[in-house]
Amino acid sequence: MTARDGQKQHGSQAPAAEAERHVTGILESVAREFTLPGAFAGGTRYGSGHIHATYAVDVRANGTPERFIFQRINEHIFKDIPALMENIARVLEHVGRTRPAGASARDERVLSLVPTRDGRLWMRDASGAPWRVYTFVDRASTYDVARDAGMAREAARAYGAFQRRLADLPPPRLHETIPGFHDTPARLAALETA
């Protein structure tokens, strides 16, 4: 390899490293806005989601690491972020109230929102991008596709249990955050005309 080849190789790695430092800086500044139990210790892209940009972020307090999920909310999809976050907070609060006696959110492995230092559920970074933070759910796995009928059945069972816990969600109705998204007749009509 020539010196010139070495420069090309080094040059191709530089933008990736620079991008990673940029993201790390953003995550660190976002972390300072939320009520986390320690100092930012690092973060990496997490999962395979295609709507929000999701990061696993570690914080450290007294040498003890704790992990959180940071999400940059996609406001091209969710245009009314206050309504979205109000829905999430109401659902999580209700699920928390219907939790079995003596179980904590971590015991039950349920998401919890982490508030900002001024008590809000989300914030905007210096570039205007909206962010929210959840506690990390340990020992949980997500799948893009069910591997078999048993896995699909367990997913359906979990979804049914979740719906049962929301059956007595008190008024008002949740906000419609994506207009027409749950309009099954309109979706079927669109499918038939496609």
Next item on the list: Calculate how steeply helix 149-166 sits against the longest principal axis of the alpha-carbon atoms of the chain, using the helix alpha-carbon long axis, and give the answer as 0 to 90 degrees to the nearest 10.
Entry: 70 degrees
Note to self: Starting from the 7 Å offset along Cα-to-Cβ, what nm value, one decimal, do you get for the label separation of Thr142 and Thr54?
What the structure shows: 0.1 nm
Item checked: C-alpha long axis of helix 184-193 to longest principal axis of the chain, angle in ° -> 70 degrees
Notebook entry, point to check: Where in region 160-194 are there trypsin sites (Lys or Arg not before Pro) that are in a DSSP coil and have at most 11 other Cβ atoms within 10 angstrom of their Cβ?
Noted result: Arg173
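Run the helix sum for the chain: -39,500 (n - 2.57) per DSSP H stretch of 4+ residues, divided by residue count, reported at 222 nm to the nearest 500 deg cm²/dmol.
-13500 deg cm²/dmol
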Item checked: Coil-residue trypsin sites (Lys or Arg not before Pro) of region 33-134, DSSP, other Cβ within 10 Å capped at 15 -> Lys79, Arg109, Arg117, Arg120
Check: For all pairs of alpha-carbon atoms in region 63-132, what percent lies in each bin of width 5 Å, listed from the first bin to the last filled one?
Finding: 3, 13, 22, 22, 18, 12, 7, 2, 0
Notebook entry, point to check: Which FRET efficiency value, to the nearest 0.05, is calculated for Lys79 and Thr35 with the Förster distance at 22 angstrom and r the Cβ-Cβ distance?
Noted result: 0.25
Margin query: I'd like the chymotrypsin sites (Phe, Trp or Tyr not before Pro) in region 90-149 restricted to DSSP loop residues with at most 10 other Cβ atoms within 10 Å, sorted by number.
Written below: Tyr143
Margin query: For region 6-148, report the % of Cα-Cα distances exceeding 18 Å.
Written below: 64 percent
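Normalised by the residues of the chain, what does the relative contact order come to in percent, with Cα pairs under 8 Å and at least six apart? Write out the running numbers ahead of the final one.
Numbers: 200 pairs, mean separation 35.9, N = 194.
Value for the chain: 19 percent.
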Checklist line | Cα long-axis angle, helix 81-97 against the chain (0 to 90 degrees, to the nearest 10) | finding: 60 degrees
Checklist line | Residue range of the chain that is longest and free of GluC sites (Glu not before Pro) which are both DSSP loop and sparsely packed (at most 15 other C-beta within 10 Å) | finding: 76-175
Notebook entry, point to check: Using every alpha carbon pair in region 17-74, what percent of pairs falls into each 10 Å bin from 0 up to the bin containing the largest distance?
Noted result: 24, 54, 21, 1
Item checked: Pairwise FRET efficiency - Ala14 versus Arg99, Cβ, R0 = 35 Å, nearest 0.05 -> 0.10
Check: How many percent of the alpha carbon pairs in region 130-194 exceed a separation of 19 Å?
Finding: 66 percent
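R0 = 41 Å: FRET efficiency of Arg117 with Arg187, Cβ-based, nearest 0.05? Mind showing how you got there, number by number?
Values: r = 41 Å, r/R0 = 1.01.
Calculated transfer efficiency: 0.50.
Computed from the coordinates by the stated procedures, all read-outs in this text should not be read as laboratory data. In this text, all values refer to a predicted model and were calculated from it rather than measured experimentally. Cβ: placed from backbone, ideal geometry, glycine included. Neighbour counts: every protein chain shown.
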